[in-house]
Amino acid sequence: MRKLLAVAAALALSAAPSSSGSPGPGYLDKTSNVEFVANIPLDADTAGARLLGKKFYVLTAKGLTIYDVSNPTLPLPMGFTPLPHTPNQEREDVDTNGKILVAGQSYTGILYVVDVSNPNVPTLISTLRGAAGHTNTCVLSCKWVYSSDGEIVDLRDPKNPKLAGSWRGVGGVTGSHDWTEVSPGLLVGATSPVVYLDARKNPAKPKLIASGRLPDSRYVHGNVWPRGGKDRFLLVGSESGMMCGDPKDGSFMVYDTKNHAKTKSFKYLGDYSLTPGLFTEGRAEVNQHCGHWFQPHPSFKDGGLVAVAWYGFGTRFVEVTKTGKIVEKGWFLGGGAASSAYWISPDVVYSLDYVRGIDIIKFDRKAKPTSSGNGQWNPVSPFAAFLDREPARNGKPYVCPLPL
């Protein structure tokens, strides 16, 4: 199996044009500080993955593929196992500790527990019905799992997972799109409001540490608190519906976490949004699930570079300044639907695209882009507290065609 996967990858990469050529059919444009390296069309229906060390775990509707990314510009498949998923669903924010990997289907509620200790032969070792959500997050080195639908699973015995409780109601939230464990047992929810929970003492009954309100009813999709929750800024992405939301719905937001231990809250600073336009301007014709998965640069410290997958707007490179303001630094517009972006090295990014598969691109942090950016920074209004009158969306699933 490994040899067959390696041959397939080699053929895909050999068919890809060189960095000096065109990125292939559907390619539109990029800024001068972005270099196209190659395209791997094998995993063209993935919404997300996980980088852990030199391994890259990619989930598709067909199953799980593990890549060796020791050479960031030449990923090599190591192993594969089938894990059927609902089309256009449940292939996001894959989570693993390198030994156990969790995934699941929210429509059926089936949680998959996969042994990935041998990356050449990943093996499904158990399932649990009624335990999975749209996303499923490892807690305390995958000894526990938090589903986006509310379930808390005891995974201390990976072969015999058990339902152990629910996080619903903590901090006033009833639903989420995702959880991020920023450090062992400490989690931030893609919820409304955004909540910070402590699950260290009793993972089955987490406690609220702090929260951050949203400026309106936008749907929170994901978040990252850089440097294990020690950074000043909490980064949050919201998701618009499929052509049924305005630019603010699919935006990239920044919270100031300073003094959160004392105030029990995060301060909302503002958001960065893109508006539709021409492809030749580096834009998309319509808003479509924007503000999707993103990842800060490894050097991020109280500000820095972030790669954001923005669906039809491609992969955007934005900088969070020392004051929390967001400015755009470049983009890669592949012509498909970019769902997630990962820094594989300090200059190499994998852009996972529903149409194109995996685009391997390089970003030159020292070069100036040909475009100064076409988005808009929207700082928080001093009257925001009086304008917040819309109900939160994360309390119930966002009803819109093909929510991802």
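The table that follows gives values for the structure above.
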{"read-out": "Qualifying residues in segment 116-126 (those that are in a loop (DSSP other than H, G, I, E, B) and among the hydrophobic types (A, V, I, L, M, F, W, C)) - the one surrounded by the fewest Cβ atoms within 10 Å (Cβ to Cβ)", "value": "121"}
{"read-out": "Any pair with Cβ under 7 angstrom, 6 or more apart, that starts in segment 316-329 at a residue that is at pLDDT 95 or above and ends at one that is surrounded by fewer than 21 Cβ atoms within 10 Å (Cβ to Cβ) and small (Gly, Ala, Ser)", "value": "319/304; 320/303; 320/304; 321/303; 322/303"}
{"read-out": "When residues of segment 321-354 are limited to those that are closer than 27 Å to residue 280 by Cβ and among the aromatic types (Phe, Trp, Tyr), the one nearest to the chain's Cα centre (by Cα)", "value": "350"}
{"read-out": "Filter pass, residue 136 being over 20 Å from residue 261 (Cβ atoms) and touching a helix residue (DSSP H, G or I) at 6+ places or on another chain (Cβ under 6 Å)", "value": "no"}
{"read-out": "Which numbered condition residue 300 misses (of (1) more than 23 Å from residue 332 (Cβ to Cβ); (2) modelled with pLDDT of 90 or more)", "value": "(1)"}
{"read-out": "Test: residue 46 is of a type outside the set (Asp, Glu), closer than 23 Å to residue 123 by Cβ and assigned to a loop (DSSP other than H, G, I, E, B)", "value": "yes"}
{"read-out": "Elements of type strands (runs of 3 or more DSSP E) in segment 127-246, at least 1 residues being more than 22 Å from the chain's Cα centre (by Cα)", "value": "151-154, 162-166, 207-212"}
{"read-out": "Members of segment 27-43 found to be polar (S, T, N, Q) and in a loop (DSSP other than H, G, I, E, B), listed by number", "value": "31, 32, 33"}
{"read-out": "Residue in segment 104-115 that is assigned to a loop (DSSP other than H, G, I, E, B), hydrophobic (A, V, I, L, M, F, W, C) and either more than 28 Å from residue 68 (Cα to Cα) or in contact with a strand residue (DSSP E or B) (Cβ under 9 Å, 6 or more places away or on another chain) (or both) present", "value": "no"}
{"read-out": "Checklist (1) farther than 25 Å from residue 49 by Cα; (2) touching a His at 6+ places or on another chain (Cβ under 7 Å) applied to residue 339, failing item", "value": "(1)"}
{"read-out": "Residue in segment 173-186 that is modelled with pLDDT under 95 and over 19 Å from residue 234 (Cβ atoms) present", "value": "yes"}
{"read-out": "Where a residue in segment 249-263 is under 17 Å from residue 186 (Cβ atoms) and its partner, wherever it lies, is part of a helix (DSSP H, G or I), with Cβ under 9 Å and at least six apart", "value": "257/229"}
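Okay, residues lined up against (1) in contact with a Leu (Cβ under 9 Å, 6 or more places away or on another chain); (2) modelled with pLDDT under 95; (3) within 26 Å of residue 94 (Cβ to Cβ); (4) surrounded by fewer than 24 Cβ atoms within 10 Å (Cβ to Cβ):
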residue	(1), (2), (3), (4)
201	no, no, no, yes
218	no, yes, yes, no
224	yes, no, yes, yes
227	no, no, yes, yes
254	yes, no, yes, no
262	no, no, no, yes
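The values are calculated or read from the model by the stated rules, or taken from the named source; none is laboratory data. Being a predicted model, the structure only gives us computed values, none of them experimental. No Cβ is skipped: glycine too gets one built from the backbone with ideal geometry, and neighbour counts run over all protein chains shown.
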